[in-house]
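Scroll down for the structure; my scribbles are underneath it.
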Amino acid sequence: MNRIIKILFFALIIKPLVLIVLGINLRGREKLPVKGPAIIAANHNSHLDALVLMSLYPLTSIHKIRPVAAADYFLSNRLLAWVSLHCLDIVPFNRSGHVDKDKLFSGCHQALDNGDILILFPEGSRGSPEKISKIKKGLFYLARERSDIKITPIAIYGLGRALPRGEALFVPFNCDVIIGDPLPDAGDSTVFIKNISQSFAELFTQCLTRHSDK
């Protein structure tokens, strides 16, 4: 039942919104992972980020694309929790700091074991519009335990203006989605953060809307 709900949600609401209302400049689509287990790492400025990334996939595989989202926010009330669990099929992540490290990524591991493609935001939370916040170490710790899984970086630019943090009003803006090559393996968190930061920086140079802002 959840699979049907998710397909209908994206077919009737999200894909028309993304493909018709928003203008997306997409580059590197051939690099998008099409089969799990896999991880997508993207910068985060808007609630639209995950929806846009998920909309890049056909409806036949949308059930395998699962964003990792903060449980304290997305499960905070009944309506939001229902949409999050049934329409988006999120992997809830406890960021309270009260969960043992061994269990912190249990939901992610379960999803990856199931062959899903996870969408993670290594900044941890939404930053200021079109700004990169400090990259946290969480994704490194997950990747360290899944050395067989590639992480594909994706830079998003423009959605922070379309639906910025703290705003409920959607304003159509052109945006960029630039998909990069998988990140190289990293032996420690410092190298990992450096790699992903450099990848984002390089991908941002390909953003058309970013250049038009200058």
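The values are calculated or read from the model by the stated rules, or taken from the named source; none is laboratory data. The structure presented is a predicted model; accordingly, all values stated were derived computationally and were not measured. Methodologically, a virtual Cβ is constructed for each residue, glycine included, from the backbone with ideal geometry; neighbour enumeration extends over all protein chains shown.
Has segment 51-60 got any residue that is of a type in the set (Ser, Thr, Tyr), assigned to a loop (DSSP other than H, G, I, E, B), farther than 15 Å from Val83 by Cα and more than 16 Å from the chain's Cα centre (by Cα)? Yes, the conditions are met somewhere in segment 51-60.
Summed over segment 72-118, the residues that are modelled with pLDDT under 95 and in a loop (DSSP other than H, G, I, E, B) give a count of 11.
Sub-6 Å Cβ pairs linking a first residue in segment 122-134 that is part of a loop (DSSP other than H, G, I, E, B) to a second residue that is surrounded by fewer than 17 Cβ atoms within 10 Å (Cβ to Cβ) and at pLDDT 70 or above, at least 6 apart or interchain, are Glu123/Ser133; Gly124/Lys136; Gly127/Ser133, ordered by first then second residue. Checking Ile4, Ile13, Ile40, Ile24 one by one, the residue that is surrounded by fewer than 21 Cβ atoms within 10 Å (Cβ to Cβ), outside any helix (DSSP H, G or I) and not small (Gly, Ala, Ser) is Ile24 and no other.
Of the candidates Phe173, Phe192, the single residue that is at pLDDT below 85, on the phi < 0 side of the Ramachandran plot and touching a helix residue (DSSP H, G or I) at 6+ places or on another chain (Cβ under 9 Å) is Phe173. Of the listed requirements (1) among the hydroxyl-bearing types (Ser, Thr, Tyr); (2) closer than 23 Å to Gly124 by Cα; (3) at pLDDT below 95, Ser199 misses just one: (3). For segment 6-38, give me each residue that is of a type in the set (Lys, Arg), under 14 Å from Leu88 (Cα atoms) and at pLDDT below 95. Lys15, the sole residue that qualifies. If the requirement is being on the phi > 0 side of the Ramachandran plot and at pLDDT 80 or above, which of these qualifies: Gly187, Gly158? Selected residue: Gly158, the only one of Gly187, Gly158 that is on the phi > 0 side of the Ramachandran plot and at pLDDT 80 or above.
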